[in-house]
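The values are calculated or read from the model by the stated rules, or taken from the named source; none is laboratory data. Just so it is clear, the model here is predicted, and its values are computed rather than measured. All Cβ positions, glycine included, derive from the backbone under ideal geometry; neighbour counts span all protein chains shown. Ligands, DNA and RNA are stripped out before the accessible areas are found, and what is left, the full protein with its side chains, is counted by its heavy atoms. Shrake-Rupley method; radii C 1.70, N 1.55, O 1.52, S 1.80 Å.
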Amino acid sequence: MLSKRKIIAVVVLMLIVGFGVRLLRVAPTSAIARSAISRNAVGGIKNGGMTPNGTLDTVGGRILSLRSFRGTTTMLWFMVAGCASCVSSVPAVAGHMRTLQSHGVRVVSVDLYGDLPQTPQGRAEFFDFMSSVSKLNNPNSSWIWGLASKSLSYRLDPKGIPDLYYLIGPHGHIRYQNTVPLSTMRQLLQSAKSLAKVSTGNA
């Protein structure tokens, strides 16, 4: 029969193991963010790879394909409505929107599949979230808001990482990727500026 001391030791060990498992569940996003540049791949495709096609349902009710953005540089930004880093990153991007536009970047913010329902109510909820944190009344052609389809989310953000973004060149190749624009804005703007200077090749 176990002594009282041994029982306490077992309980403490179980608590430590349980806490460690929980840390493993929540740590990957921050760990990936720290090593994004060195690993060259945060989401599902490495830099230089071609983006697969997928669709998004805009807050205005239009269905757009990722392929329809070819010809311009696109920042495809996956988020979860209400996530803490997203709440901080949206106004940061809004504050640098003119600089991004000057580099020819169109921002496409999409809610990860499964976060909000793929219904008019889901579109309205995402619109309310984006407008409240960005302080904008409406999206525009330079900043599109919508709900990501299942294929778009699963192929480009298979781990469901909130606040993950890609910088996609005019021909559909991924040129840069990272997480949390608030923390990686300098790298994002530098990459956008460099990409804007590319006039030939397969950007």
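Nearest 5 is fine: what % of DSSP beta bridges in the range 90-203 come out antiparallel, could you say? Write down the numbers at each step before the final one.
Values: 6 of 12 bridges.
Given both bridge residues lie in the range 90-203, the antiparallel proportion sits at roughly 50 percent.
What is the ratio of the Cα radius of gyration of the range 109-203 to 2.2 N^0.38 Å, where N is its residue count, to two decimals? Intermediate values should be presented prior to the final figure.
Working: Rg = 14.8 Å, N = 95, 2.2 N^0.38 = 12.4 Å.
Normalised by 2.2 N^0.38 Å, the Cα Rg of the range 109-203 equals 1.19.
As a test of reading the structure, rank TYR154, TYR176, TYR165, TYR113 by solvent-accessible area (1.4 Å probe, protein chains only), most first. Could the numbers behind the result be given before it?
Working: TYR154 125, TYR176 20, TYR165 0, TYR113 90 Å².
Most to least solvent-accessible, the answer reads TYR154, TYR113, TYR176, TYR165.
How many angstrom lie between the C-alpha centres of the range 72-110 and the range 144-188?
10 Å
In square angstrom, what is the accessible area per residue of the range 69-203 with a 1.4 angstrom probe?
43 Å²
Work out how much length GLN190 to LYS150 would gain on full extension: take 0.36 nm times their residue separation and subtract the Cα-Cα distance, in nm to one decimal. Working shown, then result.
On the way: separation 40, 0.36 × 40 = 14.40 nm, distance 3.09 nm.
Roughly 11.3 nm would be gained on extension.
Leaving ligands, DNA and RNA out of it, rank ILE144, ILE63 by accessible area with a 1.4 Å probe, largest first. Intermediate results must be reported in sequence, preceding the final value.
Working: ILE144 25, ILE63 110 Å².
Order by accessible area, largest first: ILE63, ILE144.
Compute the whole-percent fraction of alpha carbon pairs in the range 67-141 spaced more than 18 Å apart.
The calculated P(r) of the range 67-141 puts 41 percent of pairs beyond 18 Å.
Considering only protein heavy atoms, what is the solvent-accessible area of THR58 at a probe of 1.4 Å, reported in Å² to the nearest 10?
Accessible surface of THR58 is approximately 10 Å².
How much of the accessible area of the range 53-140, probe 1.4 Å, is carbon plus sulfur, in whole percent?
Working: 1970 of 3950 Å².
Taking all protein chains in place, the range 53-140 shows 50 percent carbon and sulfur surface.
Tell me which trypsin sites (Lys or Arg not before Pro) from the range 120-203 have a DSSP coil assignment and no more than 15 other beta carbons within 10 Å of their own. Before the final figure, lay out each step's value.
Values: sites: ARG123, LYS135, LYS150, ARG155, LYS159, ARG175, ARG186, LYS193, LYS197; in loops: LYS135, LYS159, LYS197.
Answer in residue order: LYS135, LYS159, LYS197.
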